[in-house]
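The values are calculated or read from the model by the stated rules, or taken from the named source; none is laboratory data. Keep in mind that this is a model prediction, so the values were computed, not measured. Glycine gets a Cβ as well: all are built from the backbone with ideal geometry, and neighbour counts include every protein chain shown. SASA here: full protein model, heavy atoms, side chains in, ligands and nucleic acids out. Shrake-Rupley method; radii C 1.70, N 1.55, O 1.52, S 1.80 Å.
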Amino acid sequence: MRGTITGKTIVCGIIGDPIGHSLSPIMHNKSFKKLGLDYVYVPFRVRSGELKKAVDGMRGLSIRGLNITIPHKVAVIQFLDRIDPLAEEIGAINTIINDGGILTGYNTDASGFLKTLRDNGIQPAGKKVLLLGAGGAARAIGSVLAQEKAKLTIFNRLEGLPWAEDIAYRLAHLNGTAVKAVELNYENLKAAIADAEILVNATSVGMHPADNQTPVSADLLHANLTVFDIVYNPLPTRLLKEAADAGAKTIGGVEMLVRQGAISFEKWTGRSAPVDVMRESVLSSLSQKNEK
Ligand code: NAP
C-alpha cells in the first residue's frame, strides 16, 4: 500500500479459513509500498459454504487478484473461467488474476518451488529426487519435478500411502516418466538416499511447535544431497540443521514462500516483485510470532 486508500486503490487479497496466521498480507503490502504502487492486500476469512459467494464478490467488487489458501485450493477451480495448464495438471490453485471479469487460476506454489531450485543453481532434470509427503504442496512440487523429468520417488507414511501411489501413477502417466511411491520409513529412505541428489520435505513434520521432529534420521544425510525443506517455521528446521551438519546444501521454506508470492505479485501488478522486501517482512513476522 502506498499510504492512504483512495477511490483509485486496486484491491488484492487472500481467502482461506483460518486466515489470521497468513504472512501474505504483510509481504504484499510492504512490497506495494516499496514500489509506490496504489494497491492494498486484504485477508478475508471465507468459510467453505461461502466460497462461491466470495468468488462472485471478486468479480462484483473488481478485486484484481486473490491468493487462495487452505481449505479452498481445489474447490475454487469450479468457479473460475480459465485455468493455467500446470495448475490444471496439479488440480489446485493458489492465485487468481481478474482481467476485466475473466478469472484465471494459477499454482504459484509449483512455479515458486521450481524458481527457488533454479535460483540456487539446481536443475532437477535427470536427477534422483526423494519427495517426502503427498499433501497439497507435495502434489504441486511433484508435478513440476515430473514435468522437468526428475527421477522421482514419493514417500508418505503408511496411512497416506494410497495418496502417494495415486499421485505417482498420475504423474507417470501424464509425463511419460517413472515415478515411484513408497512408505516413508527408515529402511526405505536408507535404500534410496545414498545416490539421491535432492531431498524435498513437503510433509508438515518439524513445523512449529513440533520443532524437534524431523522426517529423516540424521545418519542418512550426506554431503552430495541438496535438502530443501518447505516448512518455513522454525528457520532453520531440525532437518536443515542436521543436513548442514552432514555437509549437504540446504534450502529453507521461506525461499519458496517468497517466490510464490513474487510470482503472484508480478501477475497482478505487471511489475517485478521486490523479493528482498518480501523475505525481510516474512522473516521479521516469523521472529515476532515465535517470541510471543
Ligand atoms: P497437507 O496437505 O496437510 O499435507 C501434509 C503432508 O504431511 C501429508 O503428506 C501428510 O501425510 C504428511 N504428514 C503429516 N504429519 C506427518 C507425520 N507425523 N509423519 C509423516 N508424515 C506426516 O499440507 P501441505 O499444504 O501440503 O503443507 C505441508 C507443509 O508445507 C506445511 O508445513 C506447510 O506450512 C508447508 N508449505 C510451505 C510452503 C512454502 O511456500 N514454503 C507452501 C505450502 C506449504 P498423510 O498424507 O499421511 O496425512
query = Tally time: how many residues in the stretch 272-292 are within 17 Å of Thr116 (Cα to Cα) and open to solvent by less than 50 Å² (accessible area, probe 1.4 Å)?
reply = 6
request  = Would you please list the contacts, defined by Cβ atoms under 8 Å and residues six or more apart or on different chains, that run from a residue in the stretch 150-176 that is within 22 Å of Lys127 (Cα to Cα) to a residue that is near the ligand (Cβ under 9 Å from one of its atoms) and of a type in the set (D, E, K, R)?
outcome  = Ile167/Arg139
query = How many residues does the stretch 139-164 hold that are within 11 Å of the ligand (Cβ to nearest atom) and more than 14 Å from Glu89 (Cβ to Cβ)?
reply = 11
inquiry  = Name the single residue that is surrounded by the fewest Cβ atoms within 10 Å (Cβ to Cβ) among those in the stretch 123-149 being under 20 Å from Leu221 (Cα atoms), out of contact with any Ser or Thr (no Cβ under 6 Å at 6 or more places or on another chain) and among the aliphatic types (A, V, I, L, M).
reply    = Val129
query = Taking the stretch 250-271, which residues are outside any helix (DSSP H, G or I), within 14 Å of the ligand (Cβ to nearest atom) and either within 18 Å of Asn29 (Cβ to Cβ) or open to solvent by less than 10 Å² (accessible area, probe 1.4 Å) (or both)?
reply = Ile251
query = Which residue out of Ser31, Ser22 is within 20 Å of Val277 (Cα to Cα), assigned to a helix (DSSP H, G or I) and in contact with a Gly (Cβ under 9 Å, 6 or more places away or on another chain)?
reply = Ser31
query = Inside the stretch 150-162, can you point out the residues that are within 27 Å of Ala248 (Cα to Cα) and outside any strand (DSSP E or B)?
reply = Ala150, Arg157
query = Could you list, in sequence order, the residues of the stretch 36-68 that are more than 21 Å from Gly20 (Cβ to Cβ), loosely packed, with under 14 Cβ neighbours inside 10 Å and of a type outside the set (A, V, I, L, M)?
reply = Gly36, Lys52, Asp56, Gly60, Ser62
ask   = Would you call Asn224 more than 8 Å from the ligand (Cβ to nearest atom), open to solvent by 20 Å² or more (accessible area, probe 1.4 Å) and under 21 Å from Lys149 (Cα atoms)?
value = yes
task = Can you give me the number of residues within the stretch 163-190 that are open to solvent by 70 Å² or more (accessible area, probe 1.4 Å), outside any helix (DSSP H, G or I) and of a type in the set (D, E, K, R)?
result = 1
